[in-house]
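See below for the structure under consideration.
The values are calculated or read from the model by the stated rules, or taken from the named source; none is laboratory data. Note that the coordinates shown come from a computational prediction; the quantities given were computed from them, not determined experimentally. Note that each Cβ is placed from the backbone with ideal geometry, even for glycine, and that neighbours are counted across all protein chains shown. Just so you know, the surface numbers come from the protein's heavy atoms only, side chains and all, with ligands and any DNA or RNA stripped out. Shrake-Rupley method; radii C 1.70, N 1.55, O 1.52, S 1.80 Å.
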Amino acid sequence: MNRVVAISGGIGGAKLALGLYKTLPPVALTVICNTGDDFEHLGLTVCPDIDTVTYTLAGLANRTLGWGREGETWAFMEALKAIGGETWFRLGDGDLALHVERTRRLAIGDSLSAITRDFARSLGIRAAVLPMADTHVRTIVQTPEGPLPFQRYFVEQQCAPTVTGFDFDGADKARLTPEVAAAVSDPDVSCIVICPSNPFISIDPVLAVPGMVDALRAAPAPVVAVSPLIGGDAVKGPTAKMMSELGLELSNRTIAARYGAFLDGLIVNPGDEVEVDLPQHATPTLMTTDAEKTAVAKEVLAFGARLAS
């Protein structure tokens, strides 16, 4: 059975992951998730990208908010606000159960990989959902006013500060998990997909784990990236803002150069093709409906198959 590996951040990446999950035999998909967004909040370990992918594949994602669980209630946050607690990062009542159990299990020595696997199984997910590493890697956003932990920048300050760079604290000490290393090097994998997630804050933390870029370069399957840009802008999130503030061209040349060390092909929205020394495939990449998610997934798989042949 041909397998597919997807490397994903949160909302945008989860959309393509769902398309792949609906297109492939479910057990044929492995999703490697960014953990640079993870942080400790209210005494709990919160893993936003892992949770977004997990909820999306389980059919539990809140489609209105784009994060959290569908049908969520907020009694905990209301009670916390009433006693003067921190409410800038909202945790729904149902979502809390996941964070509480994860924190409990981490405290007794279970790995994040094992916990994530068990949560996915409990929610009926047949794909493999893997954290990029089991040790802490934390994205730090550099600004003219000083460094900001990622969630403080992204949620509390709504991406308002100017970005001058990024650090991935702990990445130098992180190691690829055996599951991640095995997935990328698996000879039965037909395609490795870089989902249309923010390159700087969703994909770069994964690539910062020692050994990941080398593993992708040596992978037996073609590596295909789906650009997060449409018409020189991002559908959602601060990708375009960050590129502009970092002095980078708002085009797919920047995306291709970002992944150039290991990339075999790039998928772009029609009209967004650029002159790069890399095979490109143009197809509509906006994924609003489930039908659009599966359509993009099928194009990705077909493009990967052509590259492999």
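Tabulated results
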read-out: Residue match in segment 60-69 (condition: surrounded by fewer than 22 Cβ atoms within 10 Å (Cβ to Cβ), β-branched (Val, Ile, Thr) and in contact (Cβ under 8 Å) with a residue 12 or more places away in the chain); value: no
read-out: Leading residue by the ranking (most open to solvent (accessible area, probe 1.4 Å)) among those in segment 116-143 that are more than 15 Å from the chain's Cα centre (by Cα) and within 14 Å of Thr45 (Cβ to Cβ); value: His136
read-out: Hey, Val31 outside any strand (DSSP E or B) and either more than 19 Å from Arg69 (Cα to Cα) or touching a residue at least 60 places away in the same chain (Cβ under 8 Å) (or both) or not; value: no
read-out: Spans of helices (runs of 4 or more DSSP H) in segment 72-164 with at least 3 residues over 25 Å from Asn198 (Cβ atoms) and in contact (Cβ under 8 Å) with a residue 24 or more places away in the chain; value: 93-107
read-out: In segment 174-224, residue least open to solvent (accessible area, probe 1.4 Å) [restricted to those that are among the small types (Gly, Ala, Ser) and free of Cβ contacts under 8 Å to residues at least 60 places away in the same chain]; value: Ala174
read-out: Single match in Glu40, Glu78 (criterion: modelled with pLDDT of 95 or more, within 25 Å of Ser202 (Cα to Cα) and not basic (Lys, Arg)); value: Glu40
read-out: Residue count for segment 12-32, restricted to those that are open to solvent by 10 Å² or more (accessible area, probe 1.4 Å) and either closer than 17 Å to Thr294 by Cβ or among the acidic types (Asp, Glu) (or both); value: 9
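Condition check ((1) touching a strand residue (DSSP E or B) at 6+ places or on another chain (Cβ under 8 Å); (2) of a type in the set (Lys, Arg); (3) under 24 Å from Leu250 (Cα atoms)) across all residues:
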residue	(1), (2), (3)
Gly124	no, no, no
Gln158	no, no, yes
Thr162	yes, no, yes
Lys173	no, yes, no
Val180	yes, no, no
Val193	yes, no, yes
Leu207	no, no, yes
Met212	no, no, no
